[in-house]
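Take a look at the following structure, please.
Just so you know, all these numbers are worked out from the coordinates, no wet-lab data involved. The structure displayed is predicted, hence computed values, not measured ones. We place every Cβ from the backbone using ideal geometry, glycine too, and count neighbours over all the protein chains shown.
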């Protein structure tokens, strides 16, 4: 199955890239294709194009900041904190594949959030670097 994803964190230092790499590895290991757009400190990398979106069966948005999700309105979409993409990428990929098979353009939230409505933040990402 072909998936698309977006990762983003407030500082754009570690989580965005770590989440993108984790999602790519999990999707590939499960036999799926994925294109991941990364919102990082230096701007947007690997921006998803119209062709990417047209070919995708589902989307994953792993972000702790606002990203444009209007472009995914016709796709089943899994939304989670970026920390979940780092710690549980398989869970996000599996859920996106399930939604893609169902074919409904619904949005499902996955993963835990902190009290302020975001993921664990920068310190959570730094902690994971040393695990």
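Taking neighbour counts of Cβ atoms within 10 Å as a proxy for exposure, in what order, fewest first, do 104, 54, 33 appear?
104, 54, 33
How many percent of the alpha carbon pairs in the stretch 1-56 exceed a separation of 12 Å?
62
Another one. Between residue 90 and residue 42, how high is the FRET efficiency from 1/(1 + (r/R0)^6) when r is the Cβ-Cβ distance and R₀ = 25 Å? Nearest 0.05. Numbers along the way, then the final one.
Values: r = 28 Å, r/R0 = 1.12.
Here the calculated transfer efficiency is 0.35.
Using alpha carbon centroids, what distance separates the stretch 34-48 and the stretch 50-82, in Å?
12
Neighbour counts of other C-beta atoms within 10 Å: give me 15, 39, 32 arranged from fewest to most.
In increasing order of surrounding Cβ atoms, one gets 32, 39, 15.
Taking other Cβ within 10 Å of each residue's Cβ, how do 110, 65, 38, 82 sort, fewest first?
Placing the least packed residue first, the sequence is 65, 110, 38, 82.
Using the Kirkwood formula over every pair of different C-alpha atoms, what hydrodynamic radius in Å results for the stretch 2-123?
13.8
Moving on. Would you calculate the separation in nanometres between label points at residue 104 and residue 33, each defined as 7 Å from the Cα along the Cα-to-beta-carbon direction?
2.8
Kindly state, to the nearest 0.05, the FRET efficiency for residue 53 paired with residue 25, given R0 = 30 Å and r defined as their beta-carbon distance.
Approximately 0.85, to the nearest 0.05.
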